[in-house]
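Some notes on the structure that comes next.
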Amino acid sequence: MRVGIVMGSASDLATVEKATAQLDEFGVDYEVHVLSAHRSPHEAADFAANARENGIGVIIAAAGMAAHLAGAMAANTTLPVIGIPLTSNALDGMDALLATVQMPSGIPVATVAIDGAKNAAILAVQILALGNEELTTKINDHRAAATEASLAANAEVEAKFAR
Ligand code: RP5
């Protein structure tokens, strides 16, 4: 199954590419689209409604400002939807964070941090890894590497301040 990635504007691409880079690292297939809850609402709804039959297992939706894209995806599919609220000039991403995270009961969006594209990709892979041994191994190896890097940093800092 692929990850379906949508963003509200081509101006969101630089952040979204942190997610695609992470998916490339895992060797997980994806497709990427610019679809807007406000500028192309019908196309966005069609994408979500047809995603499952088009082989998509998880949707990642990135948007800034009045960020309704992830919610619009979730409204039109029962696939898991991960929302990435994006920073914008006026409110530093708080606008998008609240718009993405505050979904009404019954229509969930798993919201990652503001600009948290890398975590969105990791979470998408964790979801796809359910029932997929090869991906489970990759995600566990990735976690082990993060632990190793953190412990190595700890050793370095402890050594620097050792008395
Ligand atoms: C949102 O509005 C997009 O996701 C983008 O983050 C923001 C600004 O879009 P542009 O005016 O740069 O196209 O819908």
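The values are calculated or read from the model by the stated rules, or taken from the named source; none is laboratory data. These figures come from a predicted structure and were not determined experimentally. Please note: Cβ atoms are built from the backbone with ideal geometry, for glycine as well, and neighbour counts cover all protein chains shown. What goes into the accessible areas is simple: the full protein's heavy atoms, side chains included, and nothing from ligands, DNA or RNA. Shrake-Rupley method; radii C 1.70, N 1.55, O 1.52, S 1.80 Å.
General observations
- Simple label model, 7 Å out from Cα along Cβ direction - residue 40 to residue 78, nm: 2.8 nm
- For peptides 131-138, 151-158, sequence by mean Cβ density within 10 Å, most packed first: 131-138, 151-158
- For the chain, the solvent-accessible area with a 1.4 angstrom probe is 56 square angstrom per residue.
- Here the peptides 4-10, 26-32, 122-128 are ranked by packing, the mean other Cβ count within 10 Å, and the order with the highest first is 4-10, 122-128, 26-32.
- For region 1-47 versus region 87-118, the gap between their alpha-carbon centres in whole angstrom: 15 Å
- Value of [θ]222 nm, deg cm²/dmol, for the chain, DSSP H segments ≥ 4, -39500 (n - 2.57) each, nearest 500: -15500 deg cm²/dmol
- Largest first and in whole Å, the equivalent-ellipsoid semi-axes of region 124-163 read 33, 7, 5, each the square root of five times a Cα gyration tensor eigenvalue.
- Accessible area (Å², 1.4 Å probe, nearest 10) - residue 150: 70 Å²
- In straight-distance terms, cross-link reach from residue 118 covers every one of the aspartates and glutamates whose alpha-carbon lies under 19 Å from its own, apart from those fewer than eight places away in the same chain; here that gives 12, 17, 24, 25, 29, 31, 92, 141, 148.
- The value given for the chain is a Kirkwood hydrodynamic radius of 16.4 Å, derived from the mean inverse Cα-Cα separation.
- The chain, accessible surface, carbon-and-sulfur percent (1.4 angstrom probe): 55 percent
- Residue-count net charge about residue 67 - beta-carbon cut-off 14 Å; Lys, Arg +1, Asp, Glu -1: -3
- Taking the convex hull of the alpha carbon positions in region 1-96 and averaging its projected area over all directions gives 5.6 nm².
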